[in-house]
Amino acid sequence: MAGDDLTGHADVQTGRWMRASWRVLGTAVVGVVSFAALLWVAPPGKVIDQLGDMSLSWVLTAVGLELASCLSYVVVFRHFFPEPPRAVSRRVAWIAMGAGAILPGGNISSAAATGWLLRRHGVGTRRLLKRCAALVCLLTAFGFFVNGMAGVLLLARVPDGPHDLSHTVLPILVSIGVLSFAVLVVVAARRLGGGAPRFVRAVAAGLEGAWREVGTPHWRLLGAAGFLCLDMGALWAACAATGHRIGFLAVVIAYCIGYLATVVPMPAGLGVLDSGLAASLVLYGLSPAASVGAVLVYHAISIWVPGLGGLIAWLPTRGAPIGTAGFEPATSRA
């Protein structure tokens, strides 16, 4: 019996090792393919020349806009998680942003870090999950709404952007499709009740939570708009640093298209985000070398600003026991 147990344990360990190895190999392959696509978009020599010619003032503007985007996230985070003291809430928000910027999954990793850090602050697990899901759904739905509105404005021939149907109608249709699908998920979850798959119920709960927050306006919800729009502004400033003109609405749509590539779980979106954004910027009128140069600068900023902020917020907690993260349970509602 003992020998069978040891054999079974060894088989389990071998299976886990094999799955981990395949994940690492898959990640490496995706990374190589993504960087190859980036090299295909523009030759390295032209990109290096473009980086050397970029305007420092515009790059610093991109850094400032990214910092403002992060501060906006802190504002909306406090609305969804008011239980911890303000200092703790700010710290958790920065650590969550750092996790989202560096770990695979983006907003999902950010939500997971939030749940792990706040579970000792009087928020039940179910409520914590619902709030994390509501925040993620709010940010995602707002992103698709902004994408659709940018397409509508370009279709209405607002200046500085391609106005043909191929560049305007598709983003509108994608946004309508995604937002309509979200409504269908909520309707299906309500009709099926407990019979709906757990994933559908979880997504529906997050969407309903996001809608409830929007239905009860609060100034902190502006943080959700600032978080996304100022991040788009950082990409636009990086494009402007190249000296090549591209309209903000075109950057908004290219941003939304490019970030779809992050569904591939790469750490910090390395390769996949760069190639996705660069290709979409080329599609909306920026030259290949300028697109790659702007994306590399923007991506570096979008990793380092929240990543460094998260590191600074985490350092005081590094000696704490696992699971507490150095945050004492709240004794009162701040």
**Prompt:** Does any residue of segment 215-225 turn out to be open to solvent by less than 60 Å² (accessible area, probe 1.4 Å) and of a type in the set (Val, Ile, Thr)?
**Reply:** no
**Message:** Restricting to segment 76-92, name every residue that is of a type in the set (Gly, Ala, Ser) and in contact (Cβ under 8 Å) with a residue 40 or more places away in the chain.
**Reply:** Ser89
**Message:** Could you check segment 113-126 and list, in sequence order, the residues that are modelled with pLDDT under 80 and either assigned to a helix (DSSP H, G or I) or at negative phi (or both)?
**Reply:** Arg119, Arg120, His121, Val123, Gly124, Thr125, Arg126
**Prompt:** Could you count how many residues in segment 105-123 are crowded, with 18+ Cβ neighbours inside 10 Å and touching a Pro at 6+ places or on another chain (Cβ under 8 Å)?
**Reply:** 2
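Please verify whether Phe80 is closer than 20 Å to Leu207 by Cα and open to solvent by 20 Å² or more (accessible area, probe 1.4 Å), treating the condition exactly as stated.
Considered against the rule, which asks whether it is closer than 20 Å to Leu207 by Cα and open to solvent by 20 Å² or more (accessible area, probe 1.4 Å), Phe80 comes out as no.
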**Message:** Anything in segment 125-166 that is open to solvent by 70 Å² or more (accessible area, probe 1.4 Å), under 20 Å from Tyr259 (Cα atoms) and polar (S, T, N, Q)? List them, or say none.
**Reply:** Ser166
**Message:** Show the residue pairs meeting these rules: Cβ distance below 8 Å; 6+ apart or different chains; first residue within segment 241-270 and open to solvent by 70 Å² or more (accessible area, probe 1.4 Å); second residue among the β-branched types (Val, Ile, Thr) and assigned to a helix (DSSP H, G or I).
**Reply:** Pro265/Thr27
**Request:** Those residues that are in contact with a helix residue (DSSP H, G or I) (Cβ under 6 Å, 6 or more places away or on another chain) and not aliphatic (A, V, I, L, M), I need them from segment 236-253; list them, please.
**Result:** Trp236, Cys239, Thr242, His244, Phe248
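The values are calculated or read from the model by the stated rules, or taken from the named source; none is laboratory data. It should be emphasised that the depicted structure is a prediction, and the values quoted were computed from it without experimental measurement. Glycine gets a Cβ as well: all are built from the backbone with ideal geometry, and neighbour counts include every protein chain shown. Protein only, heavy atoms only, side chains kept; ligands, DNA and RNA dropped before computing areas. Shrake-Rupley method; radii C 1.70, N 1.55, O 1.52, S 1.80 Å.
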